[in-house]
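Reading through the structure tokens given below for one structure.
What follows is calculated from the coordinates using simple rules that are stated; it is not laboratory data. These numbers come from a predicted model, not from an experiment. Because the Cβ atoms are built from the backbone with ideal geometry, glycine has one as well, and the counts that use them run over all protein chains shown.
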Amino acid sequence: MSSNKILSFEQLDLSTNLLRAVSEEGYTTPTAIQEQAIPVILAGKDVMGAAQTGTGKTASFTLPMLQRLEIHANNSASPARHPVRALILVPTRELALQVFESVKTYGKYSLLKSAVIYGGVNIDTQIEALRSGVEILVATPGRLMDHLQQKNLVLSKVEIFVLDEADRMLDMGFLPDIKQIIELLPEKRQNLMFSATFSEEIKKLASKILIHPATIEVAKQNSVSDLISHVLYPVDTKRKQEFLVGLISQQALEQVLIFTRTKHSADRLVQQLCRRDITCAAIHGDRNQSQRTKALEDFKQGLIRILVATDVAARGLDIEDLTHVINFELPGNPEDYVHRIGRTGRAGRKGTAISLVSREENKLVASIEKLIGFKLKVEQMDRKDELELEQSLDFNAKTEATEQKSKSGVRNRNKNIHSSVRNHENIVPFNKGQAVRNTNRKNKTNKNIDPLFTEPYVSKYPVMAENDSKLHRATHRQHARKPVPALFISPAIRNKVD
Ligand code: AMP
């Protein structure tokens, strides 16, 4: 490797067409992994890349791959003239789509054809694409196996094989599929393997696949970007939702990716946030592909403010300019912390990773800190701010219930939560400015509504000391579930309405 720093893509000996595509993307300087990997891959060598997403890893293998395959580019209509020459295996549908986008973007001035195949969607359009012939195929292992069994493609002409996010592939149990797929590849080929972390298992797999690989490491193993600041708030499990809402509003966070440990808690959190008029959607394994794609697109475009994700669904997510990641619950595996927070602080921009940590999760903090090699900065929300927050949330929840009830009538009284979540599926697009207005709506009182006839009787409990809060919430919930039409309005609410 040259010791001279490469300052431009031109110095990497890329073709004019690739340079044009790269420049149209606005890239001026190659990232560290691109600087190191592109010359090695162009020279036809195998590569073991230690790089996380966010480092520019995809272009580091896609650009030289496109260049090496260019000799096969042709505009023949015959599928036989377009056999699969490069196979890129990735663990998730989201990553498959992103890598495919990169192949199309960087290869837009080439005649090389590409396709993406992944599970959870109708197979027929994929069969059509495969049968018409593609040189570059991006695939998840399971769906690729389905196509191979149906004989929709052959892999005997593959010259370049890429295993991306190999660590996650193993975590997801894809090893048997990968082994079978490799059996179908020609022996003579170039192999490129990328992984963010390096367990013994990964090293074993690498030793089986790669031949005299060049090892390229752009960041220390399991290290995190210096551009990310880490903050930890100690919060009781039961108070996390309220705390989160407060954090979002106090810090005026406009685009946040939130992680939960389970699909169930992702769904529950989305319900709660929707109740607070915060636009959000969940992305996890139980949501079908079109729901996941729509949620991600809405989030990227600023149509929704919050995306709540589980670890598997969020693999490889690339969201430009994402400033905040919040761990609503810490991951069980410390390496997932590195992956989660790696969604922010990408491509040279700063990011913040916030973790809400309950007492039970403290031991997870220790293993995360051991892995990343430094302590997370602990902060406390100001108690005064917290009290204000609790009061305003309490008030907002009631105002919202009043608004909902007056809109939907007594018939729909008990459907409020479900309908607000369902409505989101068909969310009417609005821009970020509108999103802010929408969120602020809850702070305004609606003077047209006469609370005397619409407000259910809900007693206004004084804010309790922390050890009383369980009782407070339990009693409060009972009232909220069984509203009694009011002839009485609590003075606290009347004061705010007036
Ligand atoms: P990746 O690590 O491949 O997921 O890429 C992370 C992000 O960096 C993507 O949004 C790319 O578009 C962007 N990117 C890749 N290479 C460069 C570059 N040389 N300069 C600026 N941005 C880049």
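Key figures for this structure:
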read-out	value
Within the stretch 200-269, GluC sites (Glu not before Pro) in DSSP loop having at most 16 other beta-carbon neighbours inside 10 Å	Glu254
Convex hull per residue volume in Å³, alpha carbons only, for the stretch 9-217	113
Cα-based Rg and Dmax for the stretch 122-201, where Dmax is the largest Cα-Cα distance (Å)	13.3, 40
³J(HN,Hα) computed for each position of the stretch 162-168 - Karplus, 6.51 cos²θ - 1.76 cosθ + 1.60, integer Hz, glycine/proline x	10, 10, 9, 6, 4, 4, 5
Descending semi-axes in Å of the stretch 220-290, equivalent ellipsoid built from Cα gyration tensor	22, 19, 13
Peptides 354-360, 50-56, 206-212 ordered by average Cβ neighbours within 10 Å, highest first	50-56, 354-360, 206-212
Cα centroid separation, the stretch 131-205 to the stretch 356-377 (Å)	35
Sum of side-chain charges, Gly133 neighbourhood, beta-carbon under 12 Å (Lys, Arg +1; Asp, Glu -1)	+3
Sequence-separation-based contact order of the stretch 9-217, relative, with Cα cut under 8 Å and 6+ spacing, percent	28
For the stretch 1-111: rounded, prolate or oblate by the Cα gyration tensor [a/c cutoff 1.5]	prolate
FRET efficiency estimate (nearest 0.05) - Cβ-Cβ, Val231 to Lys363, R0 22 angstrom	0.70
Spacing of the two label points (7 Å from each Cα toward its C-beta) at Ser207 and Arg81, in nm	4.6
Compactness relative to 2.2 N^0.38 Å, alpha carbon Rg of the stretch 247-353	0.97
Spin-label model distance (nm) - Gln380 vs Gln149, 7 Å beyond Cα toward Cβ	5.8
Distance violations [Cα-Cα > 24 Å] among Lys179/Lys300; Lys57/Lys263; Lys57/Lys104; Lys294/Lys350	Lys179/Lys300; Lys57/Lys263; Lys294/Lys350
